[in-house]
Every structure is written in C-alpha cells, then in structure tokens.
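So the structure is just underneath, and the comments pick up after that.
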Amino acid sequence: MEGPMPTREDALALLKEFNDNPALVNHALAVEAVMRHIARKRGRNEEEWGLVGLIHDLDYEKFPERHCSKTREILEQRGWPQWIVRAAVSHGWGICSAEEPTTDLEKTLYAIDELTGLVAACALVRPSKSVMDLEAASVKKKWKMKAFAAGANREIIAKGAEMLGADLTELITDAIMGMREVASQIGLGLR
C-alpha cells in the first residue's frame, strides 16, 4: 500500500540520508531544477517532476553496483508511490535498468540526467565558471568534443531528446535555464 504523497522535504532528507558527496547532492538539485523548469513550461505538475529529479540517483553513492535497483528497494520499503519508483528507476534504462521510460516525465528525466552533467562541465570551463552566462551554442560546441566531459553520455541525451520529440538545442536551453534557477546553490552562480 502506498502512503501519502512525499514532500520535497521528504525527498531532500532521503537524498541526504544516502548521499554525503556534495557533487552528487548538487547533481540532484540541478536535475530537480531542470525537471521543475520543463514541467512549468509544459503545464505539468512541477512538484511531482521535481521530486523525481531530486531522488533519481538516491542509491548512487552508497550502492553504485546496484544503481536503480537499490533505489527501487529503498522507495518501496518506505511506501513511496509506485509511479515515482518507476520514474526514478527508468532513468537508468539500458544501463542498469530494464524499465523503459514511457511517460513524458520519465523521458525528460532520461534525457536531462546526463545533460545536466554536460552543462555543468561547460559552465566550469568558462571564465565565469557559471551557467548564468552560458548559452546552448557553447554546449553544442563542446558536445562535438568527445574527450570533453566524456562521462556525459551524448547518445543517451540524443536518444532522450528523440523520445521526447524535442529539438536538442531547445533541450539544452531548458537545462541551462533550469540550472540558472539554482546556480548559487550548486556552485555555478556568478562569483
């Protein structure tokens, strides 16, 4: 049986219970912000989309070898709604999960999880070290450089954009705009 809808505070507490690494917490905050931005833009439920973004990598620090499956276990044990469990697990589709993204929320998370890492890396090599003056064109230039932010899987980003029927430049812009909303929290604000 599923309990009441978790709050953002519940999600943040759970994230911090399993993650001490500030980089992983910042990544979760970045993904949450982009999910919220896109939800608002599409007239979707910003709170729900944000929750999924915040907890999607819940298990990554402590259980990297069980990524996604441990998240499922933790969320189910705590009575989180099944749609949140499914959405969080689906971001690892084809890598560490067989759960294919089917909803707009799931497809968006799949596409922007890797994209936030690429955007952050692009911001950090700028003189400002900020997303506040970063534009999609700069990210697209770095996209072509395979050695740059090699951990940001461009194939997954492109596949996610295709699943969404989204233009890649627009998706990059959405990621930047969402991350700007939390730039100072995640260390990518103007200094």
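Since every read-out is calculated from the coordinates, none of them should be taken as a lab result. Because the structure is a prediction, the values reported are computed rather than measured. Heads up, the Cβs are rebuilt from the backbone with ideal geometry, glycines too, and the neighbour counts pull from every protein chain shown.
When you filter the trypsin sites (Lys or Arg not before Pro) in the range 63-123 for DSSP loop state and at most 15 other Cβ atoms inside 10 Å of their Cβ, you are left with 78. Farthest towards the positive end of the charge dipole of the chain, among the residues 189, 7, 92, is the Cα of 189, using unit charges on the Cβ of Lys, Arg, Asp and Glu. Answer rounded, prolate or oblate for the range 1-88, using the Cα gyration tensor with square roots of eigenvalues a ≥ b ≥ c: rounded when a/c is under 1.5, else prolate when a/b is larger than b/c, else oblate. Oblate.
Counting lysine pairs in the range 8-180 that sit 8 or more residues apart in sequence, or on different chains, and whose Cα atoms lie under 24 Å apart gives 22.
From the helices alone, meaning DSSP H stretches of at least four residues, give me the mean residue ellipticity at 222 nm for the chain, per-run term -39500 (n - 2.57), in deg cm²/dmol to the nearest 500. My calculation for the chain gives -18500 deg cm²/dmol from helical runs alone.
Ordered by the number of other Cβ atoms lying within 10 Å of each residue's own Cβ, fewest first, 181, 106 fall into the sequence 181, 106. The dipole here belongs to the chain: it is taken about the Cα centre, uses +1 on the Cβ of Lys and Arg and -1 on the Cβ of Asp and Glu, and is about 800 debye.
Considering only 50, 33, 122, and ranking their Cα positions along the charge dipole of the range 8-180 that arises from unit charges at the beta-carbon of Lys, Arg, Asp and Glu, the one farthest toward the positive end is 122.
What ranking of 67, 91 emerges when the number of other C-beta atoms within 10 Å of each C-beta is taken as an exposure proxy, fewest first?
67, 91
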